[in-house]
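> Have a look at this one before I ask anything.
The values are calculated or read from the model by the stated rules, or taken from the named source; none is laboratory data. Predicted model, so just to flag it, every value in this text is computed and none were measured. Quick reminder, even Gly has a Cβ in these numbers, built from the backbone with ideal geometry, and neighbours come from all protein chains shown.
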């Protein structure tokens, strides 16, 4: 960040003191806590981003002020060569298990015989999170070290990785008001990934043709053991805290949870306090049903004596503390027969295998199908049709096959062979070298057509307003549309025959379809849905070719001459245009008047942004999102969705969100819309 930019952000005459810097850090920590922990922000994303921008400017002007608790330090550490060992200040122990109410009562009677005070004690119930235990060290309220549990005595130092998790406070207390904090405080927590975030992560990976993860627990644990914190920052990790290892100022577990929350740590909202044994047992009965509604993996409920002094005085049995117990849920893993393996076809043509099972009950739900992730997974696990397989279901996540029970094989099981043609349209399928996924390359495949049309009409493509997925399904099911070109043959009287269509709705749809004929060549190439060709690559193609005919006649070698186009992308373009059904779609589009050509502006605009990579975020004033991408592209720049070390500029509008924070952490130059225009207008 240069001096002029710092001056603009801070104000030419503004006198900044170290006290101002400390207060700003404190404010940012508090707003981060309200957003990531309480899910109740009191400032807009734009206001938060402006605070971060000001903090970064302060640190650029005074690098000697930067401390480990600064919000800018969350993902700034270099990759480690290995993890150092950390000895815990006290044993980080696991718990003895119970599997029934009888086990709970037996545990209760054992400890009550040792100390009669147990019979007057209350209990705290907490979810047993299926994640990775982490130990967080604070000195004078500043997060200074984080470690894995390891063997309970010694763990691995993963401080840099833990800093990337937004829900971990870098400085405590975060809450306003007076909260007393010991000079040294060590907190125990569980790191994990929410089920919805895990599903979203896997969906994104599958769409890219990359390998998906098997379960949230292993993904969280593997992420935290990455040597590069930048990679960890890309995973949607979070934590819940539940214990203070050293210097706990509270004698009650319930008060400990409340104290942790006041300090700024996230704690579970599912925890309960029960006054006596019978109330506690009644509460545990409700956890089995509650389990299916909890948004993260839990494999049991932890029962703790609320009186921590009493729990401590009860001591241990071996390495198990007597004052707590883990009630394990009945396994949501069962075995059943794999009757067959089916294959689904997604929007981009990705073939995804799934298991067809002998119906089996898992946690009160009858499961007939389960995911098999991808074809490589089937081969790695040697899963065969007819196998007895182990199936797992966690919460609302789609059940998946863990693996076969090989000892149960009879010899009649059959190995699965990857289909050589699409199971729906029977066109050949292909696998790009280096990718996990197999694809159907026929864009007119019935299994793909609804999703293809949905993509074609989307905002980033042809932007046909009002044509959502429900209407697309309605048009396809009625036989009115068999490819994207058929949208331009729709008639008013035919639409009025469809359920839910009145005069205004039909007219609005036809007007939106007609308006799409004026979209640019880059938009049309994006809309075709060629595998691997997103908005950026499509705009690159639109700069090099006058129309679709010129693009269709180009060979892979020529395409590879375009910057950023490797063999896989070039081959995908050639294969798409070589397909006869795709050729027919292009012919129909041309006949309907959807035939944009390379614009004069694209050919003559000065290439002042050539070689620069841009990311755009926030609400814009001078441009629409599509217009700013075209503006940058016309001047030779490239626009991408994700911030990385290779990003040259982030263009920000209002409510910029998390991309601004990441750009600041990576030192990416921030531009307003006006500054972007100035940069583009500069002479080379």
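> If I filter the stretch 470-483 for residues that are within 30 Å of residue 564 (Cβ to Cβ), surrounded by 13 or more Cβ atoms within 10 Å (Cβ to Cβ), outside the structural domain of residue 345 (by TED's automatic domain parsing) and in contact with a strand residue (DSSP E or B) (Cβ under 8 Å, 6 or more places away or on another chain), do I get at least one hit?
No, that holds for no residue.
> Okay, next question. I need a count of the residues in the stretch 308-348 that are farther than 30 Å from residue 370 by Cα, part of a strand (DSSP E or B) and in contact with a helix residue (DSSP H, G or I) (Cβ under 8 Å, 6 or more places away or on another chain).
3
> Which condition number does residue 435 fail, the rest of (1) modelled with pLDDT of 90 or more; (2) assigned to a loop (DSSP other than H, G, I, E, B) being met?
(1)
> Given (1) in the same structural domain as residue 661 (by TED's automatic domain parsing); (2) more than 26 Å from residue 666 (Cα to Cα); (3) buried (at least 18 other Cβ atoms within 10 Å of the Cβ), identify the lone condition not met by residue 585.
Exception for residue 585: condition (1).
> Determine whether residue 678 is without any contact (Cβ under 8 Å) to a residue 12 or more places away in the chain and either surrounded by 21 or more Cβ atoms within 10 Å (Cβ to Cβ) or over 26 Å from residue 456 (Cα atoms) (or both). Spell out how you get there, then give the answer.
On the way: without any contact (Cβ under 8 Å) to a residue 12 or more places away in the chain: yes; either surrounded by 21 or more Cβ atoms within 10 Å (Cβ to Cβ) or over 26 Å from residue 456 (Cα atoms) (or both): yes.
In short, yes.
> Looking only at the stretch 536-568, count every residue that is more than 20 Å from residue 583 (Cβ to Cβ) and either in the same structural domain as residue 627 (by TED's automatic domain parsing) or not in a loop (DSSP other than H, G, I, E, B) (or both) and tell me the total.
Just the residues of the stretch 536-568 that are more than 20 Å from residue 583 (Cβ to Cβ), to begin with: 536-537, 539-540, 543-544, 557, 560-568.
Imposing the further condition that a residue be either in the same structural domain as residue 627 (by TED's automatic domain parsing) or not in a loop (DSSP other than H, G, I, E, B) (or both) reduces the set to 536-537, 539-540, 543-544, 557, 567-568.
Residues in the stretch 536-568 being more than 20 Å from residue 583 (Cβ to Cβ) and either in the same structural domain as residue 627 (by TED's automatic domain parsing) or not in a loop (DSSP other than H, G, I, E, B) (or both): 9 in total.
> Taking the stated definitions as given, is residue 351 within 25 Å of the chain's Cα centre (by Cα), part of a strand (DSSP E or B) and at pLDDT 90 or above?
Spelling it out, residue 351 is indeed within 25 Å of the chain's Cα centre (by Cα), part of a strand (DSSP E or B) and at pLDDT 90 or above.
> How many of the residues making up the stretch 288-307 are touching a helix residue (DSSP H, G or I) at 6+ places or on another chain (Cβ under 6 Å) and in a helix (DSSP H, G or I)?
Looking only at that region, the number is 0.
> Would you point out which residue out of 141, 152 is touching a helix residue (DSSP H, G or I) at 6+ places or on another chain (Cβ under 9 Å), at positive phi and touching a residue at least 40 places away in the same chain (Cβ under 8 Å)?
Details: 152 fails: touching a helix residue (DSSP H, G or I) at 6+ places or on another chain (Cβ under 9 Å).
Every option except 141 fails the conditions.
> Just to confirm my filter: which helices (runs of 4 or more DSSP H) fall fully inside the stretch 591-684 and include at least 3 residues that are farther than 21 Å from residue 53 by Cβ, in contact with a strand residue (DSSP E or B) (Cβ under 8 Å, 6 or more places away or on another chain) and not assigned by TED's automatic domain parsing to the domain that holds residue 456?
Result: 625-634.
> Report yes if some residue within the stretch 112-120 is under 14 Å from residue 305 (Cα atoms) and crowded, with 20+ Cβ neighbours inside 10 Å; otherwise report no.
Yes, some residue in the stretch 112-120 is under 14 Å from residue 305 (Cα atoms) and crowded, with 20+ Cβ neighbours inside 10 Å.
> State yes or no: is residue 195 in contact (Cβ under 8 Å) with a residue 60 or more places away in the chain and out of contact with any strand residue (DSSP E or B) (no Cβ under 6 Å at 6 or more places or on another chain)? Please lay out each step first, then the result.
Numbers: in contact (Cβ under 8 Å) with a residue 60 or more places away in the chain: yes; out of contact with any strand residue (DSSP E or B) (no Cβ under 6 Å at 6 or more places or on another chain): yes.
In short, yes.
> If I filter the stretch 32-44 down to residues being touching a helix residue (DSSP H, G or I) at 6+ places or on another chain (Cβ under 9 Å) and crowded, with 20+ Cβ neighbours inside 10 Å, which single residue comes out as modelled with the highest pLDDT?
32
> A further question on this structure: Give the residues of the stretch 75-91 that are surrounded by 15 or more Cβ atoms within 10 Å (Cβ to Cβ) and modelled with pLDDT under 90, sorted by residue number.
Within the stretch 75-91, 75, 76, 77, 80, 83, 86 qualify.
> Just name the residue that is farthest from the chain's Cα centre (by Cα) out of those in the stretch 94-111 that are surrounded by 15 or more Cβ atoms within 10 Å (Cβ to Cβ) and part of a helix (DSSP H, G or I).
111
> How about the stretch 127-148: which of its residues are closer than 30 Å to residue 286 by Cα and either more than 26 Å from the chain's Cα centre (by Cα) or not in a strand (DSSP E or B) (or both)?
Of everything in the stretch 127-148, those that are closer than 30 Å to residue 286 by Cα and either more than 26 Å from the chain's Cα centre (by Cα) or not in a strand (DSSP E or B) (or both) turn out to be 130, 131.
> Right, something else. Look through the stretch 312-342, keep the residues that are over 31 Å from the mean Cα position of the chain (by Cα) and free of Cβ contacts under 8 Å to residues at least 40 places away in the same chain, and return whichever of them is surrounded by the fewest Cβ atoms within 10 Å (Cβ to Cβ).
Ranking the qualifying residues of the stretch 312-342, first place goes to 318.
> Can you pull out the residues in the stretch 149-175 that are more than 24 Å from the chain's Cα centre (by Cα) and either assigned to a loop (DSSP other than H, G, I, E, B) or surrounded by fewer than 20 Cβ atoms within 10 Å (Cβ to Cβ) (or both)?
149, 150, 151, 152, 153, 154, 156, 157, 172, 173, 174, 175
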